[in-house]
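Reviewing the structure listed below.
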């Protein structure tokens, strides 16, 4: 752990981003990391009919092919999201396609669903199926697919025996036309097929829909309406953004095409999360994603309405020690408020976030 959080992390920041990513995956897979101590019961979360030891998950994009699942869980995460996985292997977009914004603590990617495909990832997950730890499978469609709905259906069929829950990724900005599936009619066509495939499987696996942060409120209304009508199990808010905030300091890097994540995404994604929370009205849980980099930002997601919180980009800049750091901070906050669980704070600032009364700056500067 000391190696990963100090020497290897310093080295990784000197390497090209995609090279550093591969090096980190290999290091995690090779090093005999000890299992973390059991999480304090106050951090437990129940969502989608599952029991999570803590609310922190590793977002999709880091372990696209299920290569380091158990190592990631030993870093202290409550769950991991593998993928995005496409039915057939595909290389993704041309390199370079991953860019750091060090001054802004952000990442731009235009990876384009680089995936080794269903068969490869299924073999990897099947090999560790009886080990502890919750694993979500993030499903996508091939770039050249003639029937994208069929791609998602095939994913549900393939991974129903190994996934703890599915994340239906219809919000990546790096596959042309994919975000069209967020439209109300398209989503109304997609979800019945996905849920029918789930119903035909031997196991009941929860289905979560992942949405973009660049939605209008009318578009969000349509998505929530359809998701509630079909009684999906959850909503993940949000994917990366195509927006480029004016305050970005890394101006030249910000010109790169692709989805922006990390600190610059925090305010937009948390605002949308709060808007979703108010519209969902407790019908299903929410996953808050985007810009989580410390205890304050993780807690802000929960206060905005998240049951679970995912992070990824912050690991690039802060290292693997970030996960236990956030968990320790959450416990301190609970102790200070004399609370027994995170349930008591969930959604309590949703109206403030939705109304634009919250500032992200002080949260990012918090320890």
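Worth a mention:
- The lone exception for residue 149 - which of (1) assigned to a loop (DSSP other than H, G, I, E, B); (2) over 23 Å from residue 50 (Cβ atoms) it fails: (1)
- Among the conditions (1) out of contact with any strand residue (DSSP E or B) (no Cβ under 7 Å at 6 or more places or on another chain); (2) surrounded by 21 or more Cβ atoms within 10 Å (Cβ to Cβ), the only one that residue 106 does not satisfy is (1).
- Of the residues 271, 353, the single one that is buried (at least 22 other Cβ atoms within 10 Å of the Cβ) and over 16 Å from the mean Cα position of the chain (by Cα) is 353.
- Residue 363, sole failed condition from (1) under 23 Å from residue 24 (Cβ atoms); (2) surrounded by 20 or more Cβ atoms within 10 Å (Cβ to Cβ); (3) at pLDDT below 95: (1)
- All conditions in (1) part of a helix (DSSP H, G or I); (2) on the phi > 0 side of the Ramachandran plot hold for residue 124, with the sole exception of (2).
- Among the conditions (1) in a helix (DSSP H, G or I); (2) touching a residue at least 40 places away in the same chain (Cβ under 8 Å); (3) under 24 Å from residue 102 (Cα atoms), the only one that residue 252 does not satisfy is (2).
- Residue match in the stretch 258-281 (condition: out of contact with any strand residue (DSSP E or B) (no Cβ under 8 Å at 6 or more places or on another chain), assigned to a loop (DSSP other than H, G, I, E, B) and in contact (Cβ under 8 Å) with a residue 12 or more places away in the chain): no
- Flag for residue 41 being within 30 Å of residue 340 (Cα to Cα), crowded, with 18+ Cβ neighbours inside 10 Å and out of contact with any strand residue (DSSP E or B) (no Cβ under 8 Å at 6 or more places or on another chain): no
The values are calculated or read from the model by the stated rules, or taken from the named source; none is laboratory data. All figures in this text were calculated on a predicted structure; none of them were measured in a lab. Note that we place each Cβ from the backbone using ideal geometry, even for glycine, and neighbour counts take in every protein chain shown.
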